[in-house]
Ligand SMILES: C[S@@+](CC[C@H](N)C(=O)[O-])C[C@H]1O[C@@H](n2cnc3c(N)ncnc32)[C@H](O)[C@@H]1O
C-alpha cells in the first residue's frame with residue numbers, strides 16, 4: 001500500500017472523472033482505484049484542482065506492472081488499438097491503419113502509454129528503388145532518430161527513410177561474420193543497415209558504400225560519425241550502375257541488400273570482387289522455390305555463367321515478407337576463372 005493523493009468522486013461520476021484525469025495526464029495507473037461506500041477514489045500522480053469531488057490522501061494498492069499493450073488499453077479504452085508498432089529512439093511508429101480519427105489527445109495518450117516523446121504513423125514503403133518511408137509525424141517536430149541496436153547507432157529521418165525492424169537478425173549477423181581486414185562493397189548501403197555492423201563489429205578494413213538516395217546518405221553520414229567509423233567508409237553517391245565501375249576488382253566481399261530483388265546488380269557485384277570473394281545476395285523468394293531448391297540452384301548458376309566457380313556457404317532465412325514469400329540471404333563464395 002502507498003499513501004498518495006487521490007480524487008474521490010461519487011460512483012456515478014467515476015467514469016467522467018477517470019477520463020478527465022486521463023486526458024490531463026494525471027491518472028496514476030500504477031495503482032488500483034479504491035471503491036468504497038458509493039464512491040471511487042482515483043489515484044493521481046500529482047495534486048490538481050478539480051471542479052467536482054474532492055482531492056484527498058488515501059492508501060492505494062500498487063498494480064502489477066502493466067505491459068505496453070495494457071497501458072495503451074487503459075489510456076485509450078474505446079478505440080481499436082494497434083497490436084504492434086516500432087520503437088525507434090523516443091519515437092513510436094504506428095502501423096498505417098492505426099487511429100484513423102486520432103487527434104492530439106490520442107497521440108499524447110500513446111506517448112504516455114508507450115513512454116515515448118514522439119508519434120509517427122507508417123505508410124506503405126514506396127515501391128520504387130529508394131524504398132522511401134513516407135511515414136507521417138503526428139506528434140513531434142521532426143522524424144530524426146538515433147536508434148541503438150546490438151551496440152550500433154543507426155541515425156535517420158524515419159519520415160523519409162525506411163528501417164525494417166524485422167531485419168535485426170541479419171544486421172546482427174553482418175556484425176558477427178569474420179570480415180577482419182576485408183575490403184567491402186555495399187551496393188545498396190541505405191543508412192548503413194549492414195555497412196555499420198560490418199565496420200563496427202566485423203572488423204572490415206574499409207567499406208565502399210554505394211547509395212543514391214540523399215536522405216539515406218544524410219543518415220549514413222551521421223551514423224558513421226555516431227559510431228566513429230567515418231574514416232573507414234567511402235560513400236559513392238549516385239546510381240551504382242555508374243558508381244560501381246570505379247570499384248572493379250577491389251572487394252573481398254560484396255553486399256546486395258536490395259529487395260524485392262537485387263538481380264540486376266549481380267554482375268556489378270561480380271565485377272567488384274577480387275579474384276575470389278564472398279557475395280551476400282538478398283532476395284524475396286517464393287517458399288516453393290526454396291523448398292524445391294530452384295532458387296539456390298539458379299542463383300549459383302547465374303554466377304557460374306559469369307565465369308567463376310561458386311560454393312554455397314550459407315542460406316539465411318531472414319523473415320517472412322508476404323504469405324509464402326521469404327526474405328533470404330545467400331552467402332556465395334566466388335572464385336573467378
Ligand atoms: C532500403 S535499402 C534496403 C533495406 C535493407 N536491405 C534492409 O534490410 O533494411 C536499399 C537501398 O538501396 C538504394 N538503392 C536502390 N537502387 C540503387 C541504385 N541503383 N544505386 C544506388 N543505390 C540504390 C536505395 O536508395 C535504398 O537506400
When every residue in segment 275-298 that is more than 16 Å from the ligand (Cβ to nearest atom) and under 19 Å from residue 188 (Cα atoms) is compared, the one surrounded by the most Cβ atoms within 10 Å (Cβ to Cβ) is 277
Number of the condition not met by residue 250 [criteria: (1) within 12 Å of the ligand (Cβ to nearest atom); (2) over 19 Å from the mean Cα position of the chain (by Cα); (3) more than 21 Å from residue 284 (Cα to Cα)]: (1)
When segment 140-166 is examined, which residues are found to be away from the ligand (no atom under 14 Å from the Cβ), at pLDDT 95 or above and out of contact with any helix residue (DSSP H, G or I) (no Cβ under 8 Å at 6 or more places or on another chain)? 140, 141, 142, 143, 144, 145, 148
State yes or no: is residue 191 in a loop (DSSP other than H, G, I, E, B), modelled with pLDDT of 95 or more, buried (at least 18 other Cβ atoms within 10 Å of the Cβ) and near the ligand (Cβ under 9 Å from one of its atoms)? yes
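Considering every residue within segment 87-109, establish whether at least one is within 16 Å of the ligand (Cβ to nearest atom), in contact (Cβ under 8 Å) with a residue 12 or more places away in the chain and within 30 Å of residue 261 (Cβ to Cβ). Even if it seems obvious, please write down each step before you answer.
Here is the first cut: in segment 87-109, the residues within 16 Å of the ligand (Cβ to nearest atom) are 88, 93.
Then keep just the ones that are in contact (Cβ under 8 Å) with a residue 12 or more places away in the chain; that gives 88, 93.
Next, only the ones that are within 30 Å of residue 261 (Cβ to Cβ) stay: 88, 93.
For segment 87-109, residues within 16 Å of the ligand (Cβ to nearest atom), in contact (Cβ under 8 Å) with a residue 12 or more places away in the chain and within 30 Å of residue 261 (Cβ to Cβ): present.
Do you know which residues across segment 107-118 are part of a helix (DSSP H, G or I) and either at pLDDT 95 or above or touching a strand residue (DSSP E or B) at 6+ places or on another chain (Cβ under 8 Å) (or both)?
Looking only at segment 107-118, we keep the residues that are part of a helix (DSSP H, G or I), and these are 107-114.
Answer for segment 107-118, where residues must be part of a helix (DSSP H, G or I) and either at pLDDT 95 or above or touching a strand residue (DSSP E or B) at 6+ places or on another chain (Cβ under 8 Å) (or both): 107, 108, 110, 111, 114.
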Has segment 19-36 got at least one residue that is modelled with pLDDT of 95 or more, assigned to a strand (DSSP E or B) and touching a strand residue (DSSP E or B) at 6+ places or on another chain (Cβ under 9 Å)? yes
Count of residues meeting criterion [away from the ligand (no atom under 16 Å from the Cβ) and either crowded, with 23+ Cβ neighbours inside 10 Å or in contact (Cβ under 8 Å) with a residue 60 or more places away in the chain (or both)] in segment 200-212: 1
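For segment 167-188, how many residues are assigned to a loop (DSSP other than H, G, I, E, B) and within 16 Å of the ligand (Cβ to nearest atom)?
First, the residues of segment 167-188 that are assigned to a loop (DSSP other than H, G, I, E, B): 177-182, 187-188.
From what is left, the residues that are within 16 Å of the ligand (Cβ to nearest atom) are 177, 187-188.
Counting residues in segment 167-188 that are assigned to a loop (DSSP other than H, G, I, E, B) and within 16 Å of the ligand (Cβ to nearest atom) gives 3.
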Test residue 304 against the criterion of being out of contact with any helix residue (DSSP H, G or I) (no Cβ under 8 Å at 6 or more places or on another chain) and part of a helix (DSSP H, G or I), and give yes or no. yes
Of 238, 223, which residue is modelled with pLDDT of 95 or more and crowded, with 18+ Cβ neighbours inside 10 Å? 223
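The values are calculated or read from the model by the stated rules, or taken from the named source; none is laboratory data. As the structure is a prediction and not an experimental result, all values here were calculated from the model. Positions of Cβ are backbone-derived with ideal geometry, glycine not excepted, and every protein chain shown enters the neighbour counts.
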